[in-house]
Amino acid sequence: MTLDEFFDDDERPPSETRSVGKRRSHRVAHAIIWPTLVLVLLAVGLAGWTLYSDAMSVRADLEQAQDAVADLQAAATAQPPALDQLEPIARRLDAAASRAVGPTAQPLWRFGEAAPVIGENLRAARVIAEGVDEISDEIVTPAVDVFGSFGLRRDEATGGMDLTPLREATEIVATADRVVAELHDRVAGIDTGSTIEQVAHAVGQLEAALGRAEQAIPQLSGALAAVGALLGVDGPKDVVLAFLNNAEAAPLGGGPAAQSLLQVDNGAVSVTRQVSSADLAGQAPLDIPIDESARLLYDDILLTEVNAATSRPDFPTAALLISARWQRDLGVTPDIVVSIDPLGLSRILEVTGPVTTAAGEELTSKNVVSKVLQEAYFRYPEGGPESDAYFAAASSAVFDRVMSADYDVWAMADAIVDAANRGSLMMWSADAATQALFDGTRLQGTMPADNAAATVLGVYFRDRSVSKIDYYLHSEATVTSDTCTPDAPTYTVEVRLRLDVPRDIELPEYVTSQIYDFFRTEVFIYGPVGATTTGVEVLETALSTTAGPSVVDLGRPAEKFTIDHENQQVAVVRATFAGAPGEYGPTEVRTTPMVNATKVTSTDASCG
């Protein structure tokens, strides 16, 4: 028996009664506090365990979602795409994403985000889960529904192409642009310095994936805009299709000697007129503004000669010149200007298979370049309208085959993107909103406005002999980058030219120079945006080589060299550029699309 049990309160002295009362009060407090603390600790423990369990579940579901995304990419990029696999994979992704996002929406999870140490980890997991779920719901599922059965097909009511899939695809890409941009902003706001390594790694992976998506979406958006414009998705349009002749080199590929007018409306396309350089020759200078730098580099023939329209490595300039000539001389105001060369036609014929011209000649991906850029001149040794007409007929045959839509549309999409990336396919729209959709794509035919994503250098050629000799021209470009001072690197570009006409060939008159008893080739070397020229050299002269002028064009230093040469002679020129302080991406060299592709070699200077 305890002392408290032995004594009765009424029998105790007053002082003792007060003392015992305090002890009883303490016992009551203990009886209340300790169980309460135990319950609180138990609740916290259970909450912590629940959060931990939920976090492990979210992690597992996100890993499954990641696997589904990888499978989806593999199926979509397979050759041919595994379209039958897209829907079940998309369902897997949707299920995993829904499971992952569920726990992160609970009040306990949001409460945990405010806690020290674990809070930013939980927030990061929620942002990732919500993002994956949004991508699944708003992009992947509708995209699979459309692209799983996407194809070009005739609309029986109109006879034109059915544009419904194109419109749906355009809406999905616009949604993807918005969702990816918003998610990237949220992910960038995560403080990975306050997360564990695994979470920081997951955030980095998602950021990298979103960055790649942000680069890819404009390309896809531009391609869809181009197809839509060419099919008249927004109403009737006049389209000028310019066929560039690589045998008479110009910086954008060749002179636009043959051009066709297409009328497009709601999926229906028809060729209404074909013209050659002869139809557009001998006119007064065009009255349109051209940068003084362009006139210094390329002369005023930009405004007087049809074939000079593609002299500047900037397709918007070429399109304005071509459009102005159609408007002034032929009374047509083009809504769209498109250019393609035989190199691009060859890539397209890989998908369509052989085509037959109206004259019964078969063109294939293997022979189209040689037939239109070499054999045609032996067949029509005086050139002129007959050879231009032959070129136009060949291109029209390919165009008719493309419009039949009887081929693998995914393989054709790859071919078009490849042709654009090689500089063999470019497009311009008079509508500013449509033109803006081409921004950042090679289809636009421009060099970048800064060096951040890539440090682009340009090496371009132009024939000034009025010849078709460039079928036999070989070129090399060697670039040495000195990035030992990363924010202000230097670039040295060396260009080598050599004509290689087989000695047993007697060239037709039209292939040889119409002006000189030798050949004249101009070389244009463009440095990085904002750079300055620090050196210009002529290392081998052939017959003769002169340098200049030196100007700033398209926001870049540009150096011109004029080379006179004969068969088997070599000319070598060099320009060096110093970059201004700033951000510089990987070095990239763009060149004129040539029959014999320019061999590009890039090296980095030693910093030792």
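The values are calculated or read from the model by the stated rules, or taken from the named source; none is laboratory data. Remember, it's a predicted structure, so these values are computed and weren't measured experimentally. Positions of Cβ are generated from backbone atoms using ideal geometry, with glycine treated the same way; all protein chains shown enter the neighbour counts.
Data for the structure
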| item | result |
| --- | --- |
| Selected residue (criterion: nearest to THR192 (Cα to Cα)) from residues of region 110-135 that are without any contact (Cβ under 8 Å) to a residue 24 or more places away in the chain and not in a helix (DSSP H, G or I) | VAL117 |
| Long-range neighbours under 9 Å by Cβ, at least six apart or interchain, first residue more than 18 Å from GLY331 (Cβ to Cβ) within region 274-297, second loosely packed, with under 12 Cβ neighbours inside 10 Å and modelled with pLDDT of 95 or more | LEU296/PRO549; LEU297/PRO549 |
| Failed criterion for ALA575 (all others in (1) surrounded by 20 or more Cβ atoms within 10 Å (Cβ to Cβ); (2) aliphatic (A, V, I, L, M); (3) more than 21 Å from ASP291 (Cβ to Cβ) hold) | (3) |
| Contacts under 7 angstrom Cβ, first residue in region 174-196 being under 17 Å from GLY119 (Cα atoms), partner among the β-branched types (Val, Ile, Thr) and in a helix (DSSP H, G or I), 6 or more apart | ARG186/VAL127; VAL187/VAL127; VAL187/VAL203; ILE190/VAL127; ILE190/VAL203; THR192/VAL203 |
| Counted residues, region 443-472 - those being outside any loop (DSSP other than H, G, I, E, B) and of a type in the set (Ser, Thr, Tyr) | 4 |
| Hits in region 184-223 - residues which are in a helix (DSSP H, G or I), aliphatic (A, V, I, L, M) and within 17 Å of VAL58 (Cβ to Cβ) | VAL187, VAL199, ALA200, ALA202, VAL203, LEU206 |
| Selection within region 209-245 - basic (Lys, Arg) and surrounded by fewer than 18 Cβ atoms within 10 Å (Cβ to Cβ) | ARG212 |
| Residue that is without any contact (Cβ under 8 Å) to a residue 24 or more places away in the chain and assigned to a strand (DSSP E or B), where the choices are SER475, SER481, SER550 | SER550 |
| Residue count for region 422-442, restricted to those that are modelled with pLDDT of 90 or more and not basic (Lys, Arg) | 8 |
| Qualifying positions in region 207-252 - within 13 Å of the chain's Cα centre (by Cα) and either closer than 30 Å to VAL466 by Cβ or among the hydrophobic types (A, V, I, L, M, F, W, C) (or both) | ALA213, ALA216, ILE217, LEU220, ALA223, LEU224 |
| Whichever residue in region 464-516 is more than 30 Å from PHE577 (Cβ to Cβ) and of a type in the set (Gly, Ala, Ser) and, among such residues, is modelled with the highest pLDDT | SER467 |
| Verdict on ALA75 being surrounded by 17 or more Cβ atoms within 10 Å (Cβ to Cβ), of a type outside the set (Phe, Trp, Tyr) and at pLDDT 80 or above | no |
| Within region 559-608, considering residues that are out of contact with any helix residue (DSSP H, G or I) (no Cβ under 8 Å at 6 or more places or on another chain) and basic (Lys, Arg), the one farthest from ASN367 (Cα to Cα) | ARG574 |
| Any hit, region 342-349, residues being in contact with a strand residue (DSSP E or B) (Cβ under 6 Å, 6 or more places away or on another chain), in a loop (DSSP other than H, G, I, E, B), under 23 Å from GLY445 (Cα atoms) and not assigned by TED's automatic domain parsing to the domain that holds GLN514 | no |
| Selection from region 298-318 of residues that are without any contact (Cβ under 8 Å) to a residue 40 or more places away in the chain and under 28 Å from the mean Cα position of the chain (by Cα) | THR317 |
| Which numbered condition ALA575 fails, given (1) closer than 30 Å to LEU373 by Cα; (2) over 23 Å from the mean Cα position of the chain (by Cα); (3) part of a strand (DSSP E or B) | (1) |
| Candidates THR534, THR598, filtered to the one that is among the hydroxyl-bearing types (Ser, Thr, Tyr), within 27 Å of the chain's Cα centre (by Cα) and at pLDDT 95 or above | THR598 |
| Residues of region 296-320 classified as buried (at least 24 other Cβ atoms within 10 Å of the Cβ) and modelled with pLDDT under 95, total | 1 |
| Selection from region 384-402 of residues that are surrounded by fewer than 20 Cβ atoms within 10 Å (Cβ to Cβ), touching a residue at least 24 places away in the same chain (Cβ under 8 Å) and farther than 16 Å from SER346 by Cα | GLY384, PRO385, ALA389 |
| Condition broken by ASP500, with the remaining ones in (1) assigned by TED's automatic domain parsing to the domain that holds ALA547; (2) buried (at least 17 other Cβ atoms within 10 Å of the Cβ); (3) touching a Phe, Trp or Tyr at 6+ places or on another chain (Cβ under 9 Å); (4) under 22 Å from VAL595 (Cα atoms) satisfied | (2) |
